[in-house]
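**Q** Sharing a structure with you now.
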Amino acid sequence: MARVLITGISGQDGAFLARQLLARGDEVWGTYRRGAERTFSRPTALGIHEQLRYALVDMAEAGNLIRTLDRIQPDAIYHLAAQSFVGDSFEQPTYTFDVNATGTARLLDAVRTVTPRARVYQASTSEMFGDVRGEAVLDEDGAFRPRSPYAISKLAAHHLVGVHRDAYGLFGCRGILFNHESELRGTEFVTRKITRAVGAVARDEPGVLALGNLDARRDWGYAPEYVDAMIRMMTQDTPDDYVIATGRAASVREFATLAFAAIGVTLAWSGRDADEVAHDAATGALRVRVDPTFWRPAEVGWLRGDASKAARQLGWTATTALESLVRRMVEHDVRTPTASSLSP
Ligand code: GDD
């Protein structure tokens with residue numbers, strides 16, 4: 001049994017990770033921010049809220065981090081806390097940097113000072129690859145060309161963990177995770193935005209789904225499998241870096257097509273750029289339109305990962321196909337209505 005601290009327990013990955021660690025018999029602590037989801041809806045949805053211990057921590061407070069590590073004395077720290085929405089980072093670059101990059105520097109400094117033997121998992125991201133040339137399949141040696149303040153902040157944190165590993169012997173693992181989704185995904189991310197809208201259509205609610213860049217391609221996997229990869233990394237004899245991905249890229253347009261198909265609606269796409277729309281092929285009802293306000297100032301057009309190192313060294317491979325992931329999310333959102341699933 002280990003004592004584990006998860007920064008960012010209220011997010012999708014924090015909740016799934018906590019569930020898997022509890023199932024292993026670990027004592028699991030989670031940090032949360034003042035004002036962030038005091039109801040802990042995700043741990044509650046997974047039925048683990050009562051088994052977790054919580055600590056109020058802000059990544060902006062060095063002293064807060066030091067005292068928390070001193071009090072808990074964790075054997076392992078999964079550092080997931082972040083401003084994780086790429087779109088917002090263009091409007092809030094300084095805040096994104098403070099939480100994601102400087103916050104990681106504060107955490108690592110606290111670990112070095114208080115619990116130098118604690119293992120650290122860093123939530124690195126495929127966004128760091130950024131401006132991918134051609135349709136490259138990206139592995140751990142892929143070039144980083146970040147395209148957003150978010151990606152730059154995560155790349156800085158990624159390198160900080162590397163420096164602590166080299167300089168101070170930190171047991172630091174860096175998981176370069178491609179997009180991973182689930183029924184617990186935040187509603188601002190495109191997959192959940194789409195599946196909630198499909199749920200609303202299935203219930204005959206009025207409205208049209210408004211999306212940004214339909215051509216963006218992502219490598220979408222199922223989040224519970226991805227947190228399993230984190231645990232596998234952290235329980236190796238030596239710390240290392242791993243790409244975690246499915247190896248398949250699909251466009252936002254394809255994701256939306258699959259999601260509507262899951263409720264028996266065939267989408268017919270027409271038009272281009274800002275005028276592109278999708279109608280229900282059977283009824284002619286308008287279902288999707290483009291709203292340029294969702295276009296990002298700089299976009300990552302293509303992300304597809306090669307997780308063969310994780311397969312070789314961790315025995316990990318993604319098993320949920322995109323079609324199953326989409327169906328699972330849609331079925332959940334058909335069953336569970338949420339307010340304002342569709343834009344007017
Ligand atoms: N959010 C959103 N909303 N994205 C849209 C929309 C929309 O209406 N329309 C098109 N997109 C496009 C975005 O421009 C982007 O290219 C793609 O859909 C995916 O956007 P998100 O779901 O917001 O995710 P992300 O890829 O930017 O970032 C996620 O994955 C990263 C790993 O690669 C986040 O989870 C990051 O925290 C994570 O690091």
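The values are calculated or read from the model by the stated rules, or taken from the named source; none is laboratory data. Because the structure is a prediction, the values reported are computed rather than measured. Here the Cβ is made from the backbone with ideal geometry for all residues, glycine too, and neighbour counts use every protein chain on show. In case anyone asks, the SASA skips ligands and DNA or RNA and just uses the protein heavy atoms, side chains included. Shrake-Rupley method; radii C 1.70, N 1.55, O 1.52, S 1.80 Å.
**Q** Charges at C-beta only: +1 for Lys and Arg, -1 for Asp and Glu. How large is the resulting dipole of the stretch 132-227 about its Cα centre, in Debye rounded to 20?
**A** It comes to approximately 280 debye.
**Q** Next question, about the same structure. Using a Gaussian network model of the chain whose springs link C-alpha atoms within less than 10 Å, name the residue from 223, 123, 143 with the highest mean-square fluctuation.
**A** 143
**Q** Could you check how many percent of all C-alpha pairs in the chain are farther apart than 27 Å?
**A** Within the chain, distances greater than 27 Å cover 45 percent of Cα pairs.
**Q** For the full complex of protein chains and a 1.4 angstrom probe, list 180, 49 by accessible area with the highest value first.
**A** 49, 180
**Q** Okay, next question. Give me Rg/Rg_expected for the stretch 10-124, where Rg uses Cα atoms only and Rg_expected = 2.2 N^0.38 Å with N residues.
**A** 1.05
**Q** Right, next: Normalising by the residue count of the stretch 241-344, find the relative contact order in percent from Cα pairs under 8 Å and 6+ residues apart.
**A** 33
**Q** Under a 5 Å amide H to amide H cut-off, with H placed in plane at 1.01 Å, what residues pair with residue 124 once short-range neighbours are removed?
**A** Counting only residues 5 or more places away or on other chains, the set is 175, 177.
**Q** Another question, if that's okay. Need one number: % antiparallel among DSSP beta bridges in the chain, to the nearest 5.
**A** 20
**Q** Still on this model: Any chance you could list the semi-axes, whole Å, largest first, of the equivalent ellipsoid that the Cα gyration tensor gives for the stretch 208-313, using √(5λ)?
**A** For the stretch 208-313, the semi-axes come out at 36, 16, 10 Å.
**Q** From the protein chains alone at 1.4 Å, what is the descending order of accessible area for 29, 295, largest first?
**A** Result of the area sort, largest leading: 295, 29.
**Q** Okay, moving on. Accessible area of residue 275, 1.4 Å probe, to the nearest 10 Å²?
**A** Its heavy atoms expose roughly 120 Å² to the probe.
**Q** Summing +1 for each Lys or Arg and -1 for each Asp or Glu, what net charge is found among the other residues whose Cβ lies under 14 Å from the Cβ of residue 91?
**A** Neighbour charge sum, excluding residue 91 itself: -1.
**Q** Right, here's the next one. Rounded to the nearest percent, how much of the accessible area of the stretch 132-229 (1.4 Å probe, protein heavy atoms only) is carbon and sulfur?
**A** So the carbon and sulfur contribution to the accessible surface is 47 percent.
**Q** With a 1.4 Å probe and all protein chains kept in place, how do 320, 31 rank by accessible area, largest first?
**A** Ranked list, largest accessible area first: 320, 31.
**Q** Compute the relative contact order of the chain as a whole-number percentage, counting only Cα pairs closer than 8 Å that sit 6 or more residues apart in sequence.
**A** This gives 18 percent for the chain.
**Q** So, in nm, how far is label residue 205 from label residue 235 when the simple model puts each one 7 Å beyond its Cα toward the Cβ?
**A** Label at residue 205, label at residue 235, 4.0 nm between them.
**Q** To the nearest Å, what is the center-to-center distance of the stretch 10-32 and the stretch 43-90, using C-alpha atoms only?
**A** So the two Cα centres are separated by 10 Å.
**Q** Hey, can you find the accessible area per residue of the stretch 179-328 for me, probe 1.4 Å, expressed in square angstrom?
**A** For the stretch 179-328, the solvent-accessible area averages 41 Å² per residue.
**Q** So, taking all protein chains as they sit and a 1.4 Å probe, how much accessible area belongs to residue 287, in Å² rounded to tens?
**A** Ignoring ligands and nucleic acids, residue 287 comes out at about 50 Å².
**Q** Right, another one. Using just the helices of the chain, give the 222 nm mean residue ellipticity in deg cm²/dmol: DSSP H runs with n ≥ 4 each add -39,500 (n - 2.57), and the total is spread over all residues, rounded to 500.
**A** -11000 deg cm²/dmol
**Q** Sticking with this one: Working out 0.36 nm times the residue gap between residue 274 and residue 324, then minus their Cα-Cα distance, what length gain in nm do you get to one decimal?
**A** Result: 15.0 nm gained on full extension.
**Q** Follow-up. Rounded if a/c is under 1.5, else prolate if a/b beats b/c, else oblate: with a ≥ b ≥ c from the C-alpha gyration tensor eigenvalues square-rooted, which is the stretch 20-82?
**A** Oblate is the answer for the stretch 20-82, as a/c is 1.5 or above yet b/c matches or exceeds a/b.
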